[in-house]
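Written out below as structure tokens is the structure these notes cover.
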Amino acid sequence: MASRRRLIAGNWKMNNTVPEAVVLAQEISNNFERDYSHRVDVAVLPPYVDLKPVTTVFEFDRVDIAVGAQNVYWQQAGAYTGEISVAMLKDIRCEFCLVGHSERRELFGETNEEVNLKAKALIAGGIKPIVCVGESLSMRDGGAYLDYVTAQVKAAFAGIDEAAAKECVVAYEPVWAIGTGRTATPEQAEEVCSAIRAQLSQMYGEEVSEAMRILYGGSMNEGNADLLLAMPNIDGGLIGGASLKAKSFIEIVKAALR
Ligand code: 13P
């Protein structure tokens, strides 16, 4: 593997009230050995209302775990009821933000164009986008999944230059593997992650594409993390269900250290 630092990010999705989030953050912090952060980047991505309380727990404990959001709106400020801006996230020290998670694309109709606008706004505001891509089961069965996923990457990164792209993370999450317990095999995940890197290389050249991190997500847990992370183009994990239990999440972090 090139010298990419691994990233393990826990997507809490729509789980945990503030008191619950504080308890989970505290459990993660208590089980987090200081030297983990010398070798791996770790982040949690709680719901908006939990961001500040979770950041406060980690800052109080002086533990090197980043916090990120699950969504953002691209406009700077104004009459956009219900939305949250990049500046608001930056102010509470969010380091990362998901864009284009398949649940947002499927349930909330988020388009490739919106994903691109969000990624650009985040970059402009100094937050690292984690751009999510992935095919549905019918797409996989139809056989055109590599074309589909690489087209998502191309659209998400349209108009983003090399220097900015380097700061971005891509997460490959096959929709059929999310929350289903049906993980992609390491070979299936590697095939798509390597196609994503080839697409990035086409857009930005080899040096940039080799520096960018590509995560796998979809029923990743402490039992399968080792084999997935052993793949040359998988640089970490985007963890859903297993990130809601401190012990499981920490075990996945430990797998990334090996
Ligand atoms: P699960 O790990 O629960 O399958 O969720 C994956 C995911 O969507 C992370 O963003």
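The values are calculated or read from the model by the stated rules, or taken from the named source; none is laboratory data. It should be emphasised that the depicted structure is a prediction, and the values quoted were computed from it without experimental measurement. For neighbour counting, all protein chains shown are included, and Cβ atoms are generated from backbone atoms with ideal geometry for every residue, glycine included.
Evaluate region 161-171: report whether one residue or more is within 15 Å of the ligand (Cβ to nearest atom), within 25 Å of ARG104 (Cα to Cα) and modelled with pLDDT under 95. Within region 161-171, none of the residues are within 15 Å of the ligand (Cβ to nearest atom), within 25 Å of ARG104 (Cα to Cα) and modelled with pLDDT under 95.
Of the conditions (1) more than 16 Å from the ligand (Cβ to nearest atom); (2) surrounded by fewer than 20 Cβ atoms within 10 Å (Cβ to Cβ), LEU244 fails just one. Which one is it? Going through the list (1) more than 16 Å from the ligand (Cβ to nearest atom); (2) surrounded by fewer than 20 Cβ atoms within 10 Å (Cβ to Cβ), LEU244 breaks only (1).
Residues checked against (1) in a loop (DSSP other than H, G, I, E, B); (2) loosely packed, with under 14 Cβ neighbours inside 10 Å:
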position	(1), (2)
ALA43	no, no
VAL54	no, no
PHE58	no, no
VAL63	yes, no
GLY78	yes, yes
CYS94	yes, no
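List pairs: first in region 136-161 and on the phi < 0 side of the Ramachandran plot, second loosely packed, with under 14 Cβ neighbours inside 10 Å, Cβ under 6 Å, 6+ apart or cross-chain? Here the result reads none, with nothing in region 136-161 linked to a residue that is loosely packed, with under 14 Cβ neighbours inside 10 Å.
If LYS120 passes every condition in (1) buried (at least 23 other Cβ atoms within 10 Å of the Cβ); (2) more than 13 Å from the ligand (Cβ to nearest atom); (3) not polar (S, T, N, Q) but one, which one does it miss? Single failed check for LYS120: (1). All conditions but one from (1) more than 11 Å from the ligand (Cβ to nearest atom); (2) part of a helix (DSSP H, G or I); (3) within 23 Å of GLU135 (Cα to Cα); (4) not basic (Lys, Arg) apply to ILE234; the one that does not is (2). In the set ARG93, ARG39, only one residue is more than 16 Å from the ligand (Cβ to nearest atom), at positive phi, out of contact with any Phe, Trp or Tyr (no Cβ under 8 Å at 6 or more places or on another chain) and touching a residue at least 24 places away in the same chain (Cβ under 8 Å); that residue is ARG93.
Considering only region 216-227, I want to know if a residue exists there that is within 27 Å of LEU24 (Cα to Cα), within 15 Å of the ligand (Cβ to nearest atom), in contact (Cβ under 8 Å) with a residue 60 or more places away in the chain and hydroxyl-bearing (Ser, Thr, Tyr). Within region 216-227, none of the residues are within 27 Å of LEU24 (Cα to Cα), within 15 Å of the ligand (Cβ to nearest atom), in contact (Cβ under 8 Å) with a residue 60 or more places away in the chain and hydroxyl-bearing (Ser, Thr, Tyr).
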